[in-house]
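I have placed the structure first, in the form of structure tokens, so that the comments after it can refer back to it.
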Amino acid sequence: MQSSKSAFTIIELVFVIVIIGVLSSVAIVKLNATQKSARAEVIEAFVGTVNRSTFPSIYTKAIRNDGSVDGFKVSDYLKVPQSITLSNDTLDTNICKTNDFGIFATTDLGVTIYCRDGNKTHPPILSFSSTDVNITLDSSYFN
């Protein structure tokens, strides 16, 4: 009777290690892209929430308060994500320049969030563009 030992050869082990290395490098690149995309989505969601609920609520209360927004805090109305740094959490009448765009916040992706002042019938609105009311990030932030 012949005794045979079953084992992996060095070549087989090297191939397995190379394949695992290639797969892990592809996974790391994909993970980084996914994380950046997720951060961009958080920023878009924050801007959308402020535009749809926070600013209208604050300005409704301001209308009852002789039109003044002084003293209202954005953080009283929603949780500001850690990736977003507000220029000033406490609102005042200069937070959004009249008929122009003021800087409302900056983000860890290098995105600036602008604010256009409201009027008697419309609350202010946030945007990613200083010249247009655009609430969608450029696709370059997702790559």
Within the range 40-61, is even one residue over 30 Å from Ser75 (Cβ atoms) and aliphatic (A, V, I, L, M)? no
Would the range 2-9 turn up any residue that is touching a helix residue (DSSP H, G or I) at 6+ places or on another chain (Cβ under 9 Å) and not β-branched (Val, Ile, Thr)? yes
Condition first: surrounded by 13 or more Cβ atoms within 10 Å (Cβ to Cβ), out of contact with any Gly (no Cβ under 6 Å at 6 or more places or on another chain) and not polar (S, T, N, Q). Can you find one or more residues in the range 25-39 that meet it? yes
Does Ala45 count as under 25 Å from Phe128 (Cβ atoms) and modelled with pLDDT under 85? no
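Being part of a strand (DSSP E or B), among the polar types (S, T, N, Q) and modelled with pLDDT of 85 or more is true for just one of Thr85, Thr106. Which residue is that?
Details: Thr106 fails: modelled with pLDDT of 85 or more.
Matching residue, one of Thr85, Thr106: Thr85.
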From the list Thr136, Thr131, Thr121, exactly one residue is over 21 Å from Val80 (Cβ atoms) and at pLDDT below 70. Which is it? Thr131
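The values are calculated or read from the model by the stated rules, or taken from the named source; none is laboratory data. Remember, predicted model here, so these are calculated numbers, not experimental data. For neighbour counting, all protein chains shown are included, and Cβ atoms are generated from backbone atoms with ideal geometry for every residue, glycine included.
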